[in-house]
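*Asks:* One structure coming up, written as structure tokens, with questions to follow.
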Amino acid sequence: MSTLPARRAAVPTALAVLFASVLAGCSLDGAAGHGPAAPEPPDVRPLSGAASFSHAEAVRLHDLEEQAIAPCMAARGQRYTPQPRVASARSEETNPYGLLGPRKAAADGYGIVGEYLYLRSSPPPSGDESRAPAWRRALTGTAKHRVSVRLPDGSRVEYFADGCVARARAEVYGADWDRTEPVVAALSTRVLAAVEKDPDYRAAIRRWSACMTETGHPAADPQAPRARLNRRLAKAAADPTSLRALGREEIRTATADARCQARAELAEIIGRVQRSVERRVLSAAERRVVARHVAAKRDVLKASVTSGASRSPGAA
């Protein structure tokens with residue numbers, strides 16, 4: 001269930017200066033003297049991205065959800081203030097395989113310091129509604145209307161179909177969305193796990209890892225550099241000088257990472273392996289579920305453009 005939509009809050013001056021100094025200083029250190037930038041790699045995702053939206057799409061659809069929740073709550077005698085989406089583009093659009101292009105690496109690294117500054121500058125969602133049990137039941141629904149969805153691995157997820165959140169999602173996405181979305185997400189996870197076990201993928205990761213060692217940034221897998229920098233963030237965040245230094249190191253590491261990925265042809269190999277894996281691990285019935293979900297996704301995005309325009313200020 002999507003909650004709390006993104007608000008691009010004004011960044012306080014001190015944070016803006018810190019953010020600019022981190023990125024400017026890091027970009028110069030990480031990108032200078034290496035000639036023309038390499039081309040951006042393909043953004044390979046399981047099921048051709050069936051389980052993901054771009055940040056702009058996610059914000060637009062979330063706003064439509066919020067606009068649908070408010071009148072539903074009012075009809076039940078409850079006040080609800082539509083909330084902005086707090087997730088940033090970098091957090092929503094991070095590649096699940098850790099693939100990284102040279103432009104993003106040089107400008108924002110892995111997005112670790114940038115995301116920290118973004119979240120620190122974003123005010124918490126506001127609202128003066130009651131949080132009494134009746135308000136929560138109106139919003140999220142009741143166990144009497146529990147819907148259980150069986151996932152491909154045999155586990156189940158549940159939601160309450162009578163809540164205003166579920167009603168709003170049905171209005172925006174269609175009645176079947178809350179049943180197919182978790183199934184497609186689970187299938188995406190299955191594909192990703194199978195890709196990461198493939199011998200060709202593992203060979204490409206070994207080549208990438210050897211390259212990273214040569215550049216002075218040893219790592220066993222694409223998540224390791226991010227994890228190492230993340231572990232240092234809490235301590236560095238207490239001091240602007242340390243945070244700038246961590247940001248510069250992040251840019252250097254990510255720039256080396258992107259170059260090593262290009263040298264190992266990681267994105268191209270993952271794309272080829274993934275196509276083979278999807279043919280092997282998805283049943284005909286699961287392919288049909290994915291196809292229905294992709295069609296619904298296409299329809300809702302097309303409809304959201306019209307809906308967003310019709311609800312915007314000044315629209316006829």
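The values are calculated or read from the model by the stated rules, or taken from the named source; none is laboratory data. Keep in mind it's a predicted model, so treat the numbers as computed, not measured. Counting neighbours? That spans all protein chains shown, and the Cβs are built from the backbone with ideal geometry, glycine included. The area values use the complete protein model at the heavy-atom level, side chains included, leaving out ligands, DNA and RNA. Shrake-Rupley method; radii C 1.70, N 1.55, O 1.52, S 1.80 Å.
*Asks:* Testing residue 79 on (1) crowded, with 17+ Cβ neighbours inside 10 Å; (2) in contact (Cβ under 8 Å) with a residue 40 or more places away in the chain; (3) not aromatic (Phe, Trp, Tyr), one condition comes back false. Which one is that?
*Replies:* Evaluating residue 79 over (1) crowded, with 17+ Cβ neighbours inside 10 Å; (2) in contact (Cβ under 8 Å) with a residue 40 or more places away in the chain; (3) not aromatic (Phe, Trp, Tyr) leaves (1) as the failure.
*Asks:* Taking segment 160-169, which residues are outside any helix (DSSP H, G or I) and buried (at least 20 other Cβ atoms within 10 Å of the Cβ)?
*Replies:* 163
*Asks:* Report yes if residue 109 is under 30 Å from residue 195 (Cβ atoms) and not hydrophobic (A, V, I, L, M, F, W, C), otherwise no.
*Replies:* Details: under 30 Å from residue 195 (Cβ atoms): yes; not hydrophobic (A, V, I, L, M, F, W, C): yes.
Yes.
*Asks:* Now a separate question. Search segment 158-186 for residues that are closer than 17 Å to residue 60 by Cα and in contact (Cβ under 8 Å) with a residue 40 or more places away in the chain and pair each with any residue that is open to solvent by 50 Å² or more (accessible area, probe 1.4 Å) and not aliphatic (A, V, I, L, M) when their beta-carbon atoms are under 7 Å apart and the residues are at least 6 apart or on different chains.
*Replies:* Note: pairs meeting the criteria are 165/140.
*Asks:* Which ones in segment 228-242 are under 19 Å from residue 121 (Cα atoms) and not charged (D, E, K, R)? Lay out the reasoning, then the answer.
*Replies:* Residues of segment 228-242 that are under 19 Å from residue 121 (Cα atoms), as a first pass: 230, 233-242.
Correct list: 230, 233, 234, 236, 237, 238, 240, 241, 242.
*Asks:* Hey, another quick one. Is there a residue being under 24 Å from residue 52 (Cβ atoms), at pLDDT 95 or above and not in a loop (DSSP other than H, G, I, E, B) anywhere in segment 118-127?
*Replies:* Checking segment 118-127: not a single residue is under 24 Å from residue 52 (Cβ atoms), at pLDDT 95 or above and not in a loop (DSSP other than H, G, I, E, B).
*Asks:* With the structure loaded, tell me whether residue 226 is closer than 30 Å to residue 57 by Cα, open to solvent by 70 Å² or more (accessible area, probe 1.4 Å) and not aliphatic (A, V, I, L, M) or whether it fails that test.
*Replies:* In short, no.
*Asks:* Within segment 260-277, restricting attention to residues that are assigned to a helix (DSSP H, G or I) and within 12 Å of residue 210 (Cα to Cα), which residue is nearest to the chain's Cα centre (by Cα)?
*Replies:* The selected residue is 261.
*Asks:* May I pose another question? Just to be sure, is residue 84 closer than 30 Å to residue 40 by Cα and surrounded by 16 or more Cβ atoms within 10 Å (Cβ to Cβ)?
*Replies:* Spelling it out, it is not the case that residue 84 is closer than 30 Å to residue 40 by Cα and surrounded by 16 or more Cβ atoms within 10 Å (Cβ to Cβ).
*Asks:* Within segment 170-187, is there a residue that is surrounded by fewer than 17 Cβ atoms within 10 Å (Cβ to Cβ) and polar (S, T, N, Q)?
*Replies:* no
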